[in-house]
Structures are given as C-alpha cells and as structure tokens.
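The values are calculated or read from the model by the stated rules, or taken from the named source; none is laboratory data. Only a predicted model underlies this, so the values are computations on that prediction, with no experimental measurement involved. Note: accessible area is taken over every heavy atom of the protein model, side chains too, but ligands, DNA and RNA are not part of it. Shrake-Rupley method; radii C 1.70, N 1.55, O 1.52, S 1.80 Å.
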Amino acid sequence: MGWESPSEYPSHLWTLAVIEAEEVRALVGSDVKLSCVYPGTDRFDLDDLFVYWQVSESNAVVTYYLPENSSTGLEDSHYKNRAHLSLDSMQQGDFSLHLRNVTPQDEQKFKCLVFRKSLELGRILEAVVTLHVAANYSMPVVSTPSRPSAEQELTFTCVSTDGYPRPSVYWINKTDNSQLDKALHNDTVSLNQRGLYDVVSVLRIPWAPSVNVGCCIENALLHQNLTGTGEAPAGGCGDWRGPTGTVQWCQKVLAPWKSLLAAASRGSQCVATRNTFHAHSPPAVPGRPSQGP
C-alpha cells in the first residue's frame, strides 16, 4: 500500500520543501539513518503531522506517523519492527528514517512525504534517498585439488563467500602481477540463503614449475580487493604440502603457461586488503571505502 501526493493547494498556505536526492551506503547487518529534514528552525505539533516513508518504485510502506495512531499495521512486513521515526526529532523538523539490521533487499530508493493537517493535508516536505547496500567478501581460499604432474593441467579452485554486491573475479600471475586471460577460469556466482553472493572460480592452466597465482575478488562498491594465493611446486622432485594434503611432484616438461597471460593487463592488480566504509560520507564513483553507521 502507498500514498499518492494530495491535490495542490494555494502556495500562500504553505511552503513545500523538496530535498535534493541523496545517496547513502550501509553494510549488511548495520543500522542506517535516511535523512529527511525540514529546512529552517520551525517547530512542529505532532498532532498536526502526517509522515510517510515508502519505497519509491513499489510504493510499499516502510513506516509512517499518523496523529493519535488512527491507523496501524499498514507497513510492509519486510520493514516491520526494523523501521522507526523519532517523535522528539520530528518536533524539531527531523523526519529521518532509522532502519535497523540492513539487508540486501533494502537496496532501494526511498521517499519521505510530510503533510500538515492544519493545511488541509498540504504537503510541506518531500525527500528521496537511495540506499546502496554492501557486504565484505570473505578472504579468498585457493586450493589445488588435482595432483600436479607434467601429464596433467594444474587446477586451482578459489572460494569466497557472503559478499554484496556481485563481484568481479580475476586471476593474476603473482610473479609480475599480470592478469590471466579470463578464458582460463570458470566463475560461478550464486545467491545464498542470506541474499549474499558466494563465488567459486576454477582456474586450469598447463603444468609448469614454480607456478604462483592469485585469485582476486573485487567489490567495486567498497573499493575492496581481496586476494588469495595458490602455488605449485618448483622444479625437481619432492613433496608439496598444500591445502588438501601432501602430494609428490616431479618437474618434467616445462609448459609455456606464461604465454597465456592476458595482454595489457597490468593496470588491474589486486592486493589483499580489506576496507571499511561510512554510510554518510559523500558518495564516490562507483563507491568508496566506509564503515556502516
């Protein structure tokens, strides 16, 4: 259910304040404040106010305030017990929405509408806030399930979970930080039960000694690049202790795997860093490091 804008009234009865659209970022599981503040120093009588927050696209009701609680239970079930307004703040002209326990489904454009009963339900304030949601991916874990030998290709598997939004996946040659051709790896990105993304990437390259590769998971909204590494054994023969146990290996024929590196890829290097971010800082393109509110 949503509320449509009321009919226009003569401008001398009231002043409509339209707040410039704002963008806010928040981490999954955090609390966030979506701003809707009437300009100036006016004080408001709660009995004279009708305040509505709704999702712009669907008009789904997020939360609302009506004088004397004349109607209840109209909010969408997704926001029930998570969205609230501050009565004290509303008297000061601050009608901001406080949203708890942010979920990926909260990535929406929200609209704030404020009306005054004494002005025949004249609309005095309108604001639109876009909420961008993000979650940190786990540090990529790289394993080599296949037994490395000169007769077989090397298979590296990279796993990273519980991130948002959808990531970009890169494999790099750790020797010179050049990017491997995307044709060499198969990426599976899927939504889990929490609405977050899990990533499994499988890299296959011809056998070679001293192979040292990195799997990079890039979260563009957070400006976050996380890299896990995997290393095949050097020349000669011996034991190699990897994530899946100890295997024996021997160097035989060198495969020219470096020729499979993607050209002109040095500009996309990933490092193992984890950034935090703040929800209320000015927006960056396409995002910026910050920490949930």
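The fraction of accessible area contributed by carbon and sulfur in the range 92-148 is 46 percent, rounded to a whole number (1.4 Å probe; ligands and nucleic acids excluded).
Karplus-based coupling profile of the range 36-47, in residue order and whole Hz: 8, 10, 6, x, x, 10, 4, 9, 10, 8, 4, 6, with θ = phi - 60° in 6.51 cos²θ - 1.76 cosθ + 1.60 and x standing for Gly or Pro. At the listed q of 0.18 Å⁻¹, the Debye profile of the range 102-148, built from one uniform point per Cα, gives log10 I(q)/I(0) equal to -0.75.
Rolling a 1.4 angstrom probe over the protein heavy atoms, how many square angstrom per residue are accessible across the range 12-161?
Working: 6910 Å² over 150 residues.
So the range 12-161 comes to 46 Å² accessible per residue, rounded to a whole number.
Rolled with a 1.4 Å probe across the full set of protein chains, the surface gives residue 84 an accessible area near 70 Å². Take every Cα-Cα pair in the range 183-223 and report what % of them are more than 16 Å apart. Roughly 55 percent, once rounded to a whole number. Hull volume per residue, based on the alpha-carbon atoms of the range 47-145 and their convex hull, is 135 Å³. A 1.4 Å probe, protein heavy atoms only, puts the accessible area of residue 194 near 150 Å².
What do you get for Rg/Rh over the range 24-97 if you use C-alpha atoms and the Kirkwood form of Rh?
Values: Rg = 13.0 Å, Rh = 13.4 Å.
With Rg and the Kirkwood Rh in hand, the quotient comes to 0.97.
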